[in-house]
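Heads up, the thing below is written out as structure tokens.
The values are calculated or read from the model by the stated rules, or taken from the named source; none is laboratory data. From a predicted model like this one, the values you see are computed outputs, not experimental measurements. Neighbour counts are summed over all protein chains in view; Cβ atoms, including those assigned to glycine, are modelled from backbone coordinates with ideal geometry. These area figures cover heavy atoms from the full protein model, side chains too; ligands, DNA and RNA do not enter into them. Shrake-Rupley method; radii C 1.70, N 1.55, O 1.52, S 1.80 Å.
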Amino acid sequence: MALPTVRTVKDLRAQVRTWRREGLKIGFVPTMGALHEGHLTLVRLAGEKADKVVVSIFVNPKQFGPEEDFAAYPRKEEADLKLVEGAGAALAFLPSIEEIYPEGYLTTVSVGQLVRPLCGVFRPGHFEGVATVVAKLLNAAEADLAVFGEKDYQQLLVIRQMVKDLNIPAEIVGAPTVREPDGLAASSRNAYLKGDERQIAKVLPRTLIALIKQAREGKELKELARKGRDVLLRNGFTGVDYLEFRSGLDLSTADDVDNDTRLFAAGWIGQTRLIDNMKVSD
Ligand code: PAF
């Protein structure tokens, strides 16, 4: 039997409320589709923590900048539904743009200083778009918990803060980054990498690992960050938006390594932007 789907908030709530009356716990995994192993890991994790898992697929126009790939973003609804069903989802929520942003829609959610550094510098408005849609989806799904990947670590922090600040009654669960065998973090945008670009991409995680080793040995973090940028550019990256050591708690700049320090990077290979981050201490 095919995975049940709903397309309206009304129908989503009706199903979730029925499950709730039966005493079931609801897990939720919001996605933009073009699903890969990383997403399926989130669905499986939600399934370990809840009785019923709802997956939403919605390519959110508000989190794409005017020059970004909203129109070209891969859309594979049929294949996605099969994948999430295989990973144990009980329901898919597939809203239209009008269902999420009806005519006259005005509200934007902004999450203070957490949206400013790292991707916030290069993608103005992106995290406001993410926070807005996630607030709406969490309100629509009325789930007990929602799972997000640590690959988008800044997004995870923004969502945690928003949920706390707005008293949204869902537990936010972070899931470790899923990687390809050569270390590249799983991402829907990896599908854009053509030929040699896929080989170049693996330099990103390898560089982060090498820098982290040296950071643990006590090398100066700013110098390591400079070195890391050079390594990426010398090995085929066409641009580096940032490569920075920051606190994994509040994204403040890290001058020394402590238990919460993470290394964050975003770089370009041709038209494809890749991001990654790793914890520095063991
Ligand atoms: O990480 C994503 O895929 C998106 O940013 C999210 C959380 C589904 C919001 O559109």
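As an exercise, identify the trypsin sites (Lys or Arg not before Pro) in the range 1-81 lying in DSSP coil whose Cβ has no more than 15 other Cβ atoms within 10 Å.
Working: sites: ARG7, LYS10, ARG13, ARG17, ARG20, ARG21, LYS25, ARG44, LYS49, LYS52, LYS62, ARG75, LYS76; in loops: ARG7, LYS25, ARG75, LYS76.
For trypsin sites (Lys or Arg not before Pro) across the range 1-81 that sit outside H, G, I, E and B with at most 15 neighbouring Cβ atoms in 10 Å, the list reads ARG7, LYS25, ARG75, LYS76.
With a cut-off of 8 Å between alpha carbons and a minimum separation of six or more residues, what is the relative contact order of the range 220-282 in percent? Could the numbers behind the result be given before it?
Working: 111 pairs, mean separation 18.7, N = 63.
For the range 220-282, the relative contact order is 30 percent.
What is the set of long-range amide H partners of ARG116 at a cut-off below 5 Å, with H atoms built 1.01 Å from backbone N?
The list, which skips near neighbours in sequence, is empty: none.
Just the number, please: percent antiparallel of the DSSP beta bridges in the chain, rounded to the nearest 5. Intermediate results must be reported in sequence, preceding the final value.
On the way: 18 of 36 bridges.
Roughly 50 percent of the DSSP beta bridges within the chain come out antiparallel.
Please list, in chain and number order, the residues 5+ apart from THR177 or on another chain whose amide H is under 5 Å from its amide H, with Hs placed from the backbone.
Close amide H contacts, sequence-distant or interchain: GLU150, LYS151.
What percent does the relative contact order of the range 158-282 come to when contacts are Cα pairs within less than 8 Å and at least six residues apart? Before the final figure, lay out each step's value.
Working: 174 pairs, mean separation 25.9, N = 125.
Normalised by residue count, the contact order of the range 158-282 is 21 percent.
Antiparallel DSSP bridges in the range 50-197: what percent, to the nearest 5? Intermediate values should be presented prior to the final figure.
Details: 1 of 9 bridges.
Around 10 percent of the beta bridges assigned by DSSP in the range 50-197 are antiparallel ones.
Please list the non-local residues whose amide H lies under 5 Å from the amide H of VAL240, H modeled 1.01 Å from N, same-chain partners needing a gap of 5 or more.
Long-range HN contacts for VAL240: TRP268.
Which of the residue pairs LYS164/LYS213; LYS213/LYS279; LYS25/LYS151 have a Cα-Cα distance greater than 23 Å in the structure shown? Please report the intermediate quantities before stating the final value.
Numbers: LYS164/LYS213 34 Å; LYS213/LYS279 11 Å; LYS25/LYS151 26 Å.
Distance filter (> 23 Å) returns LYS164/LYS213; LYS25/LYS151.
Is the range 129-282 rounded, prolate or oblate when judged by the Cα gyration tensor, a ≥ b ≥ c being the square roots of its eigenvalues, rounded requiring a/c under 1.5 and prolate requiring a/b larger than b/c? If you can, show how the numbers build up before the last one.
Details: a/c = 2.34, a/b = 1.42, b/c = 1.65.
Judged from the Cα gyration tensor, the range 129-282 comes out oblate (a/c at least 1.5, b/c at or above a/b).
Over the chain, what is the relative contact order in percent, taking alpha-carbon pairs closer than 8 angstrom and at least six residues apart?
On the way: 506 pairs, mean separation 47.1, N = 282.
RCO, the chain: 17 percent.
What GluC sites (Glu not before Pro) does the range 1-88 have in DSSP loop regions with at most 15 other beta carbons within 10 Å? Mind dumping the intermediate values first?
Numbers: sites: GLU22, GLU37, GLU48, GLU67, GLU68, GLU77, GLU78, GLU85; in loops: GLU22, GLU67, GLU68.
When the GluC sites (Glu not before Pro) of the range 1-88 are filtered for loop state and at most 15 Cβ neighbours within 10 Å, GLU22, GLU67, GLU68 remain.
Placing unit charges on C-beta atoms (Lys and Arg positive, Asp and Glu negative, everything else neutral), compute the dipole magnitude of the chain about its Cα centre in debye, rounded to 20. Mind dumping the intermediate values first?
Numbers: 38 positive and 39 negative charges, 40 e Å.
It comes to approximately 200 debye.
Which of rounded, prolate or oblate describes the range 10-72 when judged by the alpha-carbon gyration tensor and an a/c cut-off of 1.5? Let's see the in-between values first.
On the way: a/c = 4.03, a/b = 1.80, b/c = 2.24.
It comes out oblate by the Cα gyration axes.
With everything on Cα atoms, drop me the angle between helix 9-21 and the longest principal axis of the chain, reported from 0 to 90° to the nearest 10.
So the inclination is approximately 80 degrees.
Just to confirm my numbers, what's the Cα centroid distance between the range 74-99 and the range 232-282 in Å?
31
Whole-Hz Karplus ³J(HN,Hα) for the range 113-128, in order, using 6.51 cos²θ - 1.76 cosθ + 1.60 and θ = phi - 60°, x for Gly and Pro?
So the Karplus estimates, Gly and Pro as x, are 5, 5, 8, 7, x, 6, 4, x, 5, 9, 10, x, x, 4, 6, 5 Hz.
In square angstrom, what is the accessible area per residue of the chain with a 1.4 angstrom probe?
On the way: 13490 Å² over 282 residues.
Here the residues of the chain average 48 Å² of exposed surface.
With a/c under 1.5 counting as rounded, go ahead and sort the range 123-176 into rounded, prolate or oblate using the C-alpha gyration tensor (a ≥ b ≥ c being the square roots of the eigenvalues; past the cut-off, prolate if a/b is larger than b/c, else oblate).
Working: a/c = 1.80, a/b = 1.19, b/c = 1.52.
Since a/c reaches 1.5 but b/c is at least a/b, the shape of the range 123-176 is classed as oblate.
Considering only protein heavy atoms and a probe of 1.4 Å, how much of the accessible area of the range 41-148 is carbon and sulfur, as a whole percent?
52
At a Cα cut-off below 18 Å, give the aspartates and glutamates reachable from LYS49, other chains included and same-chain residues fewer than 8 away excluded.
GLU22, GLU85, GLU142, ASP144, GLU150, GLU171
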